[in-house]
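The values are calculated or read from the model by the stated rules, or taken from the named source; none is laboratory data. These numbers were taken from a predicted model, which means no experiment stands behind them. For neighbour counting, all protein chains shown are included, and Cβ atoms are generated from backbone atoms with ideal geometry for every residue, glycine included. Ligands, DNA and RNA are stripped out before the accessible areas are found, and what is left, the full protein with its side chains, is counted by its heavy atoms. Shrake-Rupley method; radii C 1.70, N 1.55, O 1.52, S 1.80 Å.
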Amino acid sequence: MTRGPAGRGPRFSTRLLLAQSLVLVAGALTIWLVASAVGPSIFHEHLDRAGDTHSTEETQHLEEAFASAMLVSVGVALVAAVAAALAVSWYFSRRIQRSIGNVAAASSQIAAGRYDTYVDDPGLGAEFATLAATYNRLAGRLEATESTRRQMLADLAHEMRTPLATIDAHLEALEDGVRHLDSDTVTVLRSSTHRLRRLAEDIGAVSHAEEGDLRLDPRSVDATEVAATAVDAARDRYEAKGVRFDVDLHPAGRVDVDPDRIGQVLGNLIDNALRHTPAGGRVTVSCRRVDDWVEYAVADTGDGIAAEHLPHLFDRFYRVDTARDRHHGGSGIGLAIAKALIEAHRGGISATSAGPGHGSTFTVRIPAA
Ligand SMILES: Nc1ncnc2c1ncn2[C@@H]1O[C@H](COP(=O)(O)OP(=O)(O)OP(=O)(O)O)[C@@H](O)[C@H]1O
Ligand SMILES: [Mg+2]
């Protein structure tokens, strides 16, 4: 008996063939038994009805002849049928075995970390096609997760290097007596530790958010009020920079959300818009009801975003203009947190832009209560 690759019992094709053989043999036996039980008595009845004139001995001989002719022909037919059916079953078992073998081989490749493996549709029907497609999606996701993880570690190291180098250099200068612990030195040291602390907090927040382990405190609130609160908190900063702040809040009904978290997301979008809009520009915050959703939008007339960056904005540590955005103090985590928070509220967040120099619009949708 052929053994499976992992040695756990016979191969699938062998099992399938065995099962089919059992069915065939059981069928053949049943036909044989029924034919030999029913056939002779029907023949006997026909003879009787035809007004049998033969002697008892002749009748018995006739019946025996019928029984043996019937059993031989049924027997030969059954053996031929079983043989033909087994051949067909063997062919199909082999085909199924080969297709499943391919899927199994591809999935072991994926398990071994080769995520670029592609599982072909085995051509065995809808369920197997779905299985293959699911494997491919799984591999894709694993690959994405793995590359995010690698990227995140690299980014993290990169983010830590600058403040650490600054602290190191200043401590060394203090030790050598080149510098003294005056207020300038303290300010530099403080800003570096501040940067490190913020990084640690952001990373903590984003991992909590992405693992779905967020302490949300949802309650029924007025959707428009949530936006109004976020707007009020930012007004002074807009005035200071000379960016016009337009507000277009329509009554949108109630939402079951954690208002602090939604406020945090809107505040983040409003801050980003201010950062990327030069003085004289305009930012519009709006809120409206669209079918079963409450839709918030923050639209600016500022820097805009090139199409190739749009799909990555919500990734951790993603910044369009790395040097400039870092200079602003951003870690590129705000939108990743925003996305996780909105998804925890069963909503969605998206960004559009007509291109660099043409402003951007960030839209948040939350199911209405
Ligand atoms: N309104 C906007 N206009 C143009 N670019 C934007 C806008 N909002 C975000 N971006 C781009 O998307 C990137 C990611 O934004 P995100 O809020 O995640 O990070 P950040 O603002 O740089 O840092 P953080 O929010 O962690 O302080 C930004 O660095 C910026 O390049
Ligand atoms: Mg931000």
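Things worth noting here:
- Share of Cα-Cα pairs in region 12-112 lying beyond 25 Å, as whole percent: 50
- Above 14 Å, the calculated P(r) of region 246-314 contains 67 percent of its Cα-Cα pairs.
- Apportionment of accessible area to carbon and sulfur, region 32-92, percent (1.4 Å): 71
- Alpha-carbon centroid distance for the pair region 271-350 / region 224-253, whole angstrom: 15
- Residues Glu143, Glu159, Glu175, sorted by accessible area with the largest first, give Glu175, Glu143, Glu159 [1.4 Å probe; ligands and nucleic acids excluded].
- The Ile31 and Leu124 beta-carbon pair, evaluated with R₀ = 25 Å, returns a calculated FRET efficiency of approximately 0.25.
- Sorted largest first, extent of the chain alpha carbons per principal axis (Å): 133, 60, 37
- Surface composition of region 176-260: carbon plus sulfur atoms contribute 49% of the solvent-accessible area (1.4 Å probe, protein chains only, all chains present).
- Per residue accessible area of region 274-369, 1.4 Å probe, in Å²: 44
- Label-point gap, in nm, between Arg161 and Arg197 - each point 7 angstrom along Cα→Cβ: 2.6
- Helices in the chain, meaning DSSP H runs of at least 4 residues, each add -39500 (n - 2.57). Divided by all residues, the mean residue ellipticity at 222 nm is -22000 deg cm²/dmol.
- FRET efficiency for the pair Asp116 and Asp292, taken as 1/(1 + (r/R0)^6) with r the Cβ-Cβ distance and R0 = 30 Å, rounds to 0.15.
- DSSP H segments from the chain that extend 30 Å or more along their own axis, Cα-based, with Kyte-Doolittle mean of 0.0 or above: 12-49, 56-111
- Cα-projected label distance for Ile42 with Tyr91, points at 7 Å along beta-carbon direction, nm: 3.2
- Computed with a 1.4 Å probe over protein heavy atoms only, the accessible surface of region 142-210 comes to 68 Å² per residue.
- Solution diffusion estimate, µm²/s, Stokes-Einstein, region 142-210, Kirkwood Rh from C-alpha pairs, 37 °C, viscosity 0.692 mPa s: 237
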